[in-house]
Amino acid sequence: MNHIAIHGKLTADPELKTVGSGTEVCNLTVAVNRPVGKDKEKVTDFFDVDAWGQSGVFVEKYFKVGDGIIVQGEMQSCKYEKDGEKRTAWGIHANRI
């Protein structure tokens, strides 16, 4: 099973785009704080999220930078090569927002 749920704040205004098939996709980044050990400062993780179709339209219409958001979805990886190095990027494909 591949399931992730995060609660955090948007780092920028969501960006809605229309892809070649005419479907909308909204890209956003969510900052999530997590404690590290007892009495230590919090560490912030940044998650790239894509929301497709009506979910994406909803996010772009009602959310802006700094707003709190809860995202549920699937973690996905994308392998690519940059400057001769093989890399892997991780992101969340949103099912519910």
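Here are the numbers:
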{"item": "Lys9 free of Cβ contacts under 8 Å to residues at least 12 places away in the same chain, in contact with a strand residue (DSSP E or B) (Cβ under 7 Å, 6 or more places away or on another chain) and open to solvent by 100 Å² or more (accessible area, probe 1.4 Å)", "result": "no"}
{"item": "Residues located in segment 29-67, provided they are of a type outside the set (Lys, Arg), open to solvent by 60 Å² or more (accessible area, probe 1.4 Å) and closer than 17 Å to Ala94 by Cα", "result": "Phe46, Asp48, Trp52, Gln54, Phe58, Glu60, Tyr62"}
{"item": "Where a residue in segment 51-71 is at pLDDT 95 or above and its partner, wherever it lies, is among the acidic types (Asp, Glu) and not in a strand (DSSP E or B), with Cβ under 6 Å and at least six apart", "result": "Lys64/Asp13; Val65/Asp13"}
{"item": "Filter result for Tyr80 (open to solvent by 60 Å² or more (accessible area, probe 1.4 Å), under 13 Å from Glu15 (Cα atoms) and not polar (S, T, N, Q))", "result": "no"}
{"item": "Matching residues, segment 79-97, being under 14 Å from the mean Cα position of the chain (by Cα) and either in a strand (DSSP E or B) or closer than 12 Å to Thr29 by Cβ (or both)", "result": "Ala89, Trp90, Gly91, Ile92, His93, Ala94, Asn95, Arg96"}
{"item": "Residues (part of a strand (DSSP E or B) and of a type in the set (S, T, N, Q)) located in segment 1-45", "result": "Thr18, Asn27, Thr29, Asn33, Thr44"}
{"item": "Considering residues of segment 35-61 that are within 15 Å of Thr11 (Cα to Cα) and among the aromatic types (Phe, Trp, Tyr) only, the residue farthest from the chain's Cα centre (by Cα)", "result": "Phe46"}
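The values are calculated or read from the model by the stated rules, or taken from the named source; none is laboratory data. Note that the structure is a prediction, hence the values are computed from the model and not measured. All Cβ positions, glycine included, derive from the backbone under ideal geometry; neighbour counts span all protein chains shown. The protein model used for the area step is the full one, side chains on, heavy atoms only, and it has no ligands, DNA or RNA in it. Shrake-Rupley method; radii C 1.70, N 1.55, O 1.52, S 1.80 Å.
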